[in-house]
Amino acid sequence: MKINSSINDAHLFLKKANHLIITLGSAWLYILNEKSPSSQGLVVANNHKAPADRFTKKLMNVGELTENLKSLISRLKSFNPHLNIIFTISPVRHLREGLVENNRSKAVLIQAVHEIVIAETGVEYFPAYEYVMDDLRDYRFYAEDLVHPNYTATNYVWEKLMETYMSNETQMIMKQIAELQLAKQHKPFFSGSSEHQKFIQSCIEKTAALLNQYPFLSLQAHLQLFKEQLVK
């Protein structure tokens, strides 16, 4: 039930969305072979711990990937003509493939995406991969597994994304909401103290002001929670 509900929510959201970010991770495919006769030739999303000899490994070429992405864009545009698509390449290293194989994969993704951006309207490229690999360029920006970017790196990329696509007004709103979110999670030692009550009253006023100016914001739950913390 939850899966079906999530699919339905995603369907409705995508129908009304203005922007969609698609992140590509790897150009390597794993295809079921003759040892899985009922599904032979099927590209899998996850091997579910099946024996490795049931799969044939293949690196997509640029032309093949480009055609698949064009088909995807066409279907998305038919579904939502107002949709703007932003492609990114994941900076996560697929080291299980090997260092050389990982770089070959990323090269295919990058070349294919840039060909798509040139050929299609309403399609852009955001260089998340380049920000991590070229701007940061250091293992101290990776987690202990040396595969996944750490908080500092992801926050750096997020700030670049905001600078690129979000207006100063939007960034200001986001900063105010982040402050209210922290206040919502705050656990006071003395909830009835005058200092905490002043803090809560300030949060109520800030939330009400934001809702008054931007009624489309989903801050009603924040406002209700703050009001419940007032000592009557």
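The values are calculated or read from the model by the stated rules, or taken from the named source; none is laboratory data. Since we're looking at a predicted model, the values are computed, not measured. Reconstructed Cβ throughout: ideal geometry from the backbone, glycine too, with neighbour counts over all protein chains shown.
The residues in the stretch 143-170 that are farther than 18 Å from G25 by Cα and among the β-branched types (V, I, T) can be counted, and the count is 3. Name the residues in the stretch 180-218 that are part of a helix (DSSP H, G or I), among the charged types (D, E, K, R) and either exposed (fewer than 12 other Cβ atoms within 10 Å of the Cβ) or more than 33 Å from the chain's Cα centre (by Cα) (or both), would you? If the condition is that a residue be part of a helix (DSSP H, G or I), among the charged types (D, E, K, R) and either exposed (fewer than 12 other Cβ atoms within 10 Å of the Cβ) or more than 33 Å from the chain's Cα centre (by Cα) (or both), then E195, K198, E205 are the ones that fit. Among the residues of the stretch 20-38, not a single one is of a type in the set (D, E, K, R) and in contact (Cβ under 8 Å) with a residue 60 or more places away in the chain.
Identify the residue in the stretch 116-150 that is among the aromatic types (F, W, Y) and at pLDDT below 95 and, among all such residues, is nearest to H94 (Cα to Cα). Don't jump to the end; show me each part of the working.
Applying the first criterion (among the aromatic types (F, W, Y)) to the stretch 116-150 yields 125-126, 129, 131, 139, 141-142.
Next cut, at pLDDT below 95 only: 139, 141-142.
Numbers: Y139: 15, F141: 16, Y142: 14 Å.
The qualifying residue nearest to H94 (Cα to Cα) is Y142.
As a summary of the residue check, E120 satisfies the conditions (1) surrounded by fewer than 14 Cβ atoms within 10 Å (Cβ to Cβ); (2) assigned by TED's automatic domain parsing to the domain that holds G25 except for the one numbered (1). Can you pull out every residue in the stretch 151-180 that is over 21 Å from S90 (Cα atoms) and either among the aromatic types (F, W, Y) or in contact (Cβ under 8 Å) with a residue 40 or more places away in the chain (or both)? Across the stretch 151-180, the qualifying residues are I173, I177, L180. Checked against (1) in contact (Cβ under 8 Å) with a residue 40 or more places away in the chain; (2) out of contact with any strand residue (DSSP E or B) (no Cβ under 6 Å at 6 or more places or on another chain); (3) not small (G, A, S), V100 meets all criteria but (1).
For E144, the stated conditions do not hold, so it cannot be described as in the same structural domain as N61 (by TED's automatic domain parsing) and either outside any helix (DSSP H, G or I) or buried (at least 16 other Cβ atoms within 10 Å of the Cβ) (or both).
Among the residues of the stretch 124-137, the ones that are farther than 20 Å from S26 by Cα and surrounded by 16 or more Cβ atoms within 10 Å (Cβ to Cβ) come to 1 in all.
So how many residues does the stretch 147-176 have that are of a type outside the set (G, A, S), over 22 Å from F216 (Cα atoms) and part of a helix (DSSP H, G or I)? Steps first, please.
Keep residues of the stretch 147-176 that are of a type outside the set (G, A, S), which gives 147-152, 154-166, 168-176.
Still in the list and also over 22 Å from F216 (Cα atoms): 147-152, 154-161, 163-164.
Filter once more, so that each one left must be part of a helix (DSSP H, G or I): 151-152, 154-161, 163-164.
Count: 12.
Taken over the stretch 122-141, the criterion of being part of a loop (DSSP other than H, G, I, E, B) and within 27 Å of L76 (Cβ to Cβ) is satisfied by G122, F126, P127.
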